[in-house]
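The values are calculated or read from the model by the stated rules, or taken from the named source; none is laboratory data. Computed from a prediction, not measured in an experiment: that's the story for all the values here. Virtual Cβ from ideal backbone geometry, glycine too; neighbours counted across all protein chains shown.
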Amino acid sequence: MPLRKIIKIDEEKCDGCGQCVVACAKGTIEIVDGKARLIRESYCDGLGSCVGECPQGAITVEEREAEEFDERAAGEFKQKELKGESKPREFSCQSQAPLSIERCEILDLERKQGEKAAAQSMLSNWPVQIQLVPPTAPYLKEARLVIAADCTAFSFASFHERFLSGRILLIGCPKLDNFEFYRKKLTEIFRQNKPSSILVVYMEVPCCFGFVHLVHLSMKESNIEGVPLELTKIGINGDILETKLAGKPEG
């Protein structure tokens, strides 16, 4: 076997969070018994794209004898994964396993009796946090995306009814979370899945407009600027202040 660079995982530091599984573009990492494992040496290019995504600092790049990197096989595996033709990679917990939520019509006895019906969830995907959603999640393919600042769902009472029907939800905080991580993550999601439309829901506070700028940047970097983009601004009092189709970012 050739001497080459390849990733090394420190099992003592690894807490099984699964961020490396999401970051690995080649499909060479899985969570096994609560720990990250390099399971396909020949798929690892040794470039270390996963290194910076490990919050525990458990991944490094070392030089040792290893199977030669097979770029063609790694690419074919990736394409099968994107098409859902391969076994899904293992995740450490339910919070990070891509899941489509099926919705069906339920006979509403309360309404038949003239009483007010309870609101029904319209969420159709899990996870919803941008940090946790893997770009390879099957539900992202050509999806109608709604990218929302997490405060919007608490401020606008009819969030599910107004925004989630037929859409895939991604949420985050443009002020408290890492902007560069979001930019790279959304760029990869857009590049791999070519969404059919994007709706950005954000709060009226100035820092929240960063979400709009973020999406514009990611669309440009992934070369999907022709995809329809709609912006909806929510007031802190719970009203919709503005809804518009967007072109170039403001400012």
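Answer yes or no: is there a residue in region 216-226 that is touching a residue at least 12 places away in the same chain (Cβ under 8 Å), touching a strand residue (DSSP E or B) at 6+ places or on another chain (Cβ under 6 Å) and closer than 30 Å to K26 by Cα.
The answer is no; no qualifying residue exists.
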Test each condition in (1) surrounded by fewer than 17 Cβ atoms within 10 Å (Cβ to Cβ); (2) modelled with pLDDT under 95 for S197 and report the one that comes out false. (2)
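Do we find that T187 is surrounded by 18 or more Cβ atoms within 10 Å (Cβ to Cβ) and under 16 Å from S100 (Cβ atoms) in this structure? Give the steps one after another, and end with the answer.
Numbers: surrounded by 18 or more Cβ atoms within 10 Å (Cβ to Cβ): yes; under 16 Å from S100 (Cβ atoms): no.
No.
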Could you tell me whether region 164-182 includes any residue that is surrounded by 15 or more Cβ atoms within 10 Å (Cβ to Cβ), without any contact (Cβ under 8 Å) to a residue 24 or more places away in the chain and part of a helix (DSSP H, G or I)? no
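Residue under question is L199, and the condition is that it be under 19 Å from S124 (Cβ atoms), in the same structural domain as T136 (by TED's automatic domain parsing) and part of a strand (DSSP E or B); does it hold?
Working: under 19 Å from S124 (Cβ atoms): yes; in the same structural domain as T136 (by TED's automatic domain parsing): yes; part of a strand (DSSP E or B): yes.
Yes: the conditions hold for L199.
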For region 237-244, indicate whether the set of residues that are hydroxyl-bearing (S, T, Y) and surrounded by 15 or more Cβ atoms within 10 Å (Cβ to Cβ) is non-empty. no
